[in-house]
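Chemist: Okay, handing you the structure first.
The values are calculated or read from the model by the stated rules, or taken from the named source; none is laboratory data. Predicted, not measured: the structure shown is a model, and the values here were computed from it. Glycine gets a Cβ as well: all are built from the backbone with ideal geometry, and neighbour counts include every protein chain shown.
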Amino acid sequence: MGFLKIDMFLAAVFLIVLSSLGFVCIDILKMIILSMILLKGVKKLRNKEKYMFKIKTYKALSMLLSIFIFITFLTGFTYKNPKKPIPVLTYHRVNNETLKSRVPTVSTYEFERQIKYLKRRGYQTISEEQLLYYYNGKNVKLPKKPILITFDDGWRDNYENAYPILKKYNYTATIFLATGKMGEDEYLTWDMIKEMKNNGITFGGHTRNHVNLSKVSLDEAYSEIKSSYDDIEKNLGVKPISFCYPYGGGDLSKNVQNKVKDAGFEIAFASYNYGINMGNINKMAIRRVLMPRFRKLHKLEMLILLW
Ligand SMILES: [Zn+2]
């Protein structure tokens, strides 16, 4: 195991050197932690005779690890404009009733635990506008541990359950509205939206009818995107700046991204590209982290930081 320890040591040295140079080293950290988890697993298996691992396996593993770390090290230098990694969290529904629903749901109790945890760990919410300005290279002062909280669709429980908790902890959020559904059962009303807007919550587009933009014609996609822009402008009297792709944007084409831009949105959020935002950012496909309903809070920060 000696040479593996040396690898870990080298990796740590790399990390420290890069950190001191001011580069974003989350990828390296990720690699180290993943390999530690991997090695722990290998060690466990090794104890069972039938899974006996040969020294060669270790050697191969450590070699691979070194290559990974080296590549990460090199790419660290190719970032033209190193940016602070900013996690964007995704929630949908927050309630105690529909935990078996197909729509990702976090119980109200769990939601508060997660927010409380983030607060305690020093995370501070930023607005989508701050994020946009930061990515546009403007001189924006971000908190030490910035985080953006988002909700998809515009569920009524966001107002009833999540909003009071956000207020309690002095957090803000952005809610993406499938504008045509507002006022329907289980969805927000425009009055609720206005009240939240007056208290710092911002709103972005999510198409009018929650259509899968990769499955409709480009014209229809544009009309859906633009309608959500217009609905928000008409009802709130402000131009929205952000958009969120309804089905995560897994097969999102450049054309659709351009339509989002054409409609007037300046920044767009996806889900398929799970992870945090660092290095070269595509402002039309910002990465997010889908928040699960688990109960182990220490995993929360791992999740935010590692993916
Ligand atoms: Zn949605």
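Chemist: Pick from region 169-207 the residues that are away from the ligand (no atom under 12 Å from the Cβ) and among the basic types (Lys, Arg): which of them is farthest from residue 88 (Cα to Cα)?
Modeler: 194
Chemist: Given 220, 184, which one is surrounded by fewer than 17 Cβ atoms within 10 Å (Cβ to Cβ), modelled with pLDDT of 95 or more, in the same structural domain as residue 151 (by TED's automatic domain parsing) and under 28 Å from residue 254 (Cβ atoms)?
Modeler: Going through 220, 184 in turn, just one is surrounded by fewer than 17 Cβ atoms within 10 Å (Cβ to Cβ), modelled with pLDDT of 95 or more, in the same structural domain as residue 151 (by TED's automatic domain parsing) and under 28 Å from residue 254 (Cβ atoms): 220.
Chemist: Counting only residues that are without any contact (Cβ under 8 Å) to a residue 60 or more places away in the chain and within 16 Å of the ligand (Cβ to nearest atom), which one in region 153-168 is surrounded by the most Cβ atoms within 10 Å (Cβ to Cβ)?
Modeler: In this case the residue turns out to be 154.
Chemist: Still on this structure, I have one more. Taking residue 150, is it within 16 Å of the ligand (Cβ to nearest atom), surrounded by 15 or more Cβ atoms within 10 Å (Cβ to Cβ) and among the polar types (S, T, N, Q)?
Modeler: yes
Chemist: Follow-up question, since we're still on this one. Would you mind stating whether residue 140 is within 28 Å of residue 280 (Cβ to Cβ), at pLDDT below 90 and either within 16 Å of the ligand (Cβ to nearest atom) or of a type in the set (Val, Ile, Thr) (or both)?
Modeler: Yes; evaluated as a whole, the condition is true for this residue.
Chemist: Also: Considering each of 228, 223, 253 in turn, give the residue that is touching a helix residue (DSSP H, G or I) at 6+ places or on another chain (Cβ under 6 Å) and polar (S, T, N, Q).
Modeler: Sole residue among the options that is touching a helix residue (DSSP H, G or I) at 6+ places or on another chain (Cβ under 6 Å) and polar (S, T, N, Q): 228.
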